[in-house]
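Written out below as structure tokens is the structure these notes cover.
Every number here is computed from the coordinates shown, using simple stated rules; none is lab data. Fair warning: this is a prediction, and the values are worked out from it, not measured in the lab. FYI the Cβ positions are ideal-geometry reconstructions off the backbone, even for glycines, and counts take in every protein chain you see.
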Amino acid sequence: MTISFGETFERVRECFNEQSIINLLVPKLESVTIIRDIKGKIRLFIEQLNDRSIEEAEIADIKSFLSSKLGNYYGNDIWLPAGEKDGYKALIDTIKAERVLAPWDDESVLPRWYILERHIAKQAWTNNQVATPPWKEELVYQKHKPAIISFFSFKGGVGRTSALVATALTLARNGHRVAVVDLDLEAPGLATIFSPDNSNNLGVIDYLLEKKIQNQDWKLRTHIIPINEQTLLGDYGQPLQLLPAGTVDDNYLEKLARLDFQNLVYGELQSTMVDMLKELESAVRPLDFILMDARAGFHDIGGLAITNLSHGVVIFGTQSRQSWAGLTHVIRHLASSGVDERLPLILVHSMAPANGIPGRETELTEFQEQAYIVFKENYYSEDETVPDPNNREEPFFPVVVPYQESLRGDIALFSRNSQSNRLSGLVEIMTNSPYQEIAEKLCDLFGREFQKNN
């Protein structure tokens with residue numbers, strides 16, 4: 001009998017519903033922890049009630065059922081703690097500390113059910129952790145520190161990077177001090193938007209790699225690029241601060257390969273990124289916002305950015321089944337820490353039909369209705385009253401960003417000979433609605449003033 005990865009938990013539950021197991025073993029159990037190892041194989045950690053003793057024959061029975069139900073997915077391992085003198089006590093303590101309650105667990109019924117997933121990547125997407133950004137949100141609301149905002153999309157090619165740049169320009173022209181960080185290390189692009197050449201711009205990938213080796217000898221402030229062209233910022237705008245991903249040269253892939261290795265082996269990526277953001281803030285303070293362009297999809301750095309490093313998230317989606325399949329998981333993940341820890345977020349309906357395009361209103365309505373359903377089922381808790389679907393202040397009510405032909409392809413936000421009108425036209429598009437709406441929402445979320453354009 002062949003089973004798949006996604007069926008393994010249910011097969012374990014079937015084993016514990018066998019009549020002989022229900023009669024003899026289940027009454028003796030305090031808890032069952034299903035451990036799925038890095039290959040996907042299943043092992044069990046079983047805790048017995050203090051006044052009950054599990055017989056070897058009963059363990060043999062459950063092993064037989066597990067082997068039959070799980071086939072090749074059975075790891076042939078069941079652990080029972082042996083008290084304070086247990087040789088595996090440290091490992092058992094780790095299991096108890098890291099396991100989470102299973103979705104089907106019922107606190108009123110024994111045994112309690114837990115799950116422990118063992119993997120060496122995607123922890124930011126699979127662990128339910130409370131966000132721990134480089135500085136507390138209280139300092140953001142008190143305007144002592146900038147709000148860190150991740151721009152994320154499940155699918156690529158939906159205008160996430162151009163929307164980030166447009167939002168940054170809008171905020172800067174509104175008098176806010178903004179830094180932008182390119183975390184899309186596999187496909188960097190922010191530097192080329194602001195620069196006409198392929199100059200040697202060290203950046204995020206260099207910090208993450210070099211800092212571990214050179215420590216205090218490697219300074220971030222010398223690699224931050226100020227963007228102060230008046231056409232972009234207007235007469236009273238604040239200069240932008242750009243931290244690029246790095247230069248895609250002959251060494252870039254070698255750097256990227258070593259970065260992935262360091263994350264898997266040493267697990268220091270999060271702490272290094274926290275240090276990087278602190279050093280950025282210190283180098284260019286004061287700041288109001290740090291906007292981070294996160295890699296599309298379930299990438300480790302993207303998950304780390306929105307789950308552990310940010311005070312808020314702007315997420316982009318299109319009206320398609322593929323997009324909603326990913327966004328549903330992301331929205332559920334952002335709400336998983338609990339009501340008090342949920343990150344502020346802004347939902348963007350990206351690549352929407354422009355005004356005058358047939359079917360526009362139908363698509364806008366379908367996206368808004370689907371967003372409400374997804375948030376109702378995955379973001380709000382069972383004991384919450386879900387707000388009215390037409391409440392524009394709630395995260396499920398999307399900002400609509402229509403497809404813009406002028407923002408497709410190579411966006412160049414720098415002066416070219418006799419092309420000042422081109423640049424001025426781009427700036428006008430990127431600092432008006434709907435990007436102005438995203439900027440205004442960010443200001444509202446974090447207590448910053450925003451003056452609308454007339």
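Sparse packing (at most 16 other Cβ atoms within 10 Å of the Cβ) combined with a DSSP loop state is found for the following chymotrypsin sites (Phe, Trp or Tyr not before Pro) in segment 1-101: Tyr88. A cut-off of 5 Å between modelled amide H atoms, ignoring neighbours fewer than 5 places along the same chain, links Gln241 with Val178, Ala179, Val180, Ile227. Adding -39500 (n - 2.57) for every DSSP H run of four residues or longer, then dividing by how many residues the chain holds, sets the calculated 222 nm ellipticity at -11500 deg cm²/dmol.
Helix 89-98 axis versus longest C-alpha principal axis of the chain: approximately 50°, rounded to the nearest ten.
Relative to the longest principal axis of the C-alpha atoms of the chain, give the angle of the C-alpha long axis of helix 435-445, reported between 0 and 90° and rounded to the nearest 10°. Taking Cα atoms only, the helix is inclined about 60 degrees. Apply the a/c threshold of 1.5 to the C-alpha gyration tensor of segment 5-118 and tell me whether it is rounded, prolate or oblate. Rounded is the answer for segment 5-118, as its axis ratio a/c remains below 1.5. Projecting the Cα atoms of Trp79, Val374, Ser153 onto the dipole axis of the chain, where Lys and Arg carry +1 and Asp and Glu carry -1 at the beta carbon, places Ser153 farthest toward the positive end. Relative contact order of the chain: 18 percent, from C-alpha pairs under 8 Å at least 6 residues apart in sequence. Which lysines, if any, have their Cα less than 22 Å from the Cα of Lys145, not counting same-chain residues under 8 positions apart? Cα-Cα hits under 22 Å: Lys136, Lys219, Lys278, Lys441. Rounded to the nearest 20, the size of the Cβ-charge dipole of the chain about its Cα centre is 820 debye, with Lys and Arg at +1 and Asp and Glu at -1. Between Arg422 and Asp275, the FRET efficiency from the beta-carbon distance, with R0 = 41 Å, is close to 0.55.
Under 5 Å between amide hydrogens, built in the peptide plane, is the criterion, and for Glu30 it picks out Glu47, Gln48, Leu49 among residues at least 5 positions away or on other chains.
Rounded to two decimals, the Cα-based Rg/Rh of segment 125-445, with Kirkwood Rh, is 0.95. Dipole check for segment 5-118: with +1 at the C-beta of Lys and Arg, -1 at the C-beta of Asp and Glu, and the Cα centre as origin, the magnitude is about 380 Debye. Most simply put, the chain has about 25% antiparallel DSSP beta bridges, counting only bridges with both residues inside it. Is the C-alpha gyration tensor of segment 1-59 telling us rounded, prolate or oblate? Criteria: a/c under 1.5 is rounded; beyond that, a/b larger than b/c is prolate, otherwise oblate. Prolate, since a/c reaches 1.5 and a/b exceeds b/c. For segment 5-118, the relative contact order comes to 33 percent (Cα pairs under 8 Å, sequence separation of at least 6).
Of the trypsin sites (Lys or Arg not before Pro) in segment 362-445, the ones in a loop by DSSP (not H, G, I, E or B) with at most 12 other beta carbons within 10 Å are Arg392, Arg408, Arg416. Judged by the mean number of other Cβ atoms found within 10 Å, the most tightly packed of the peptides 362-371, 54-63, 393-402 leads the ranking 393-402, 362-371, 54-63. Using Cα atoms only, what is the angle between the long axis of helix 252-266 and the major principal axis of the chain, expressed in degrees (0 to 90) to the nearest 10? Approximately 40 degrees, to the nearest ten. Taking θ as phi - 60° and the Karplus parameters 6.51, -1.76 and 1.60, the scalar couplings of segment 23-29 work out to 6, 9, 8, 4, x, 9, 9 Hz in sequence order, x denoting glycine and proline.
Candidate cross-link partners of Lys41 among the aspartates and glutamates, defined by an alpha-carbon separation under 20 Å and a same-chain spacing of 8 or more, comprise Glu7, Glu10, Glu14, Asp61, Asp77, Glu98, Glu117.
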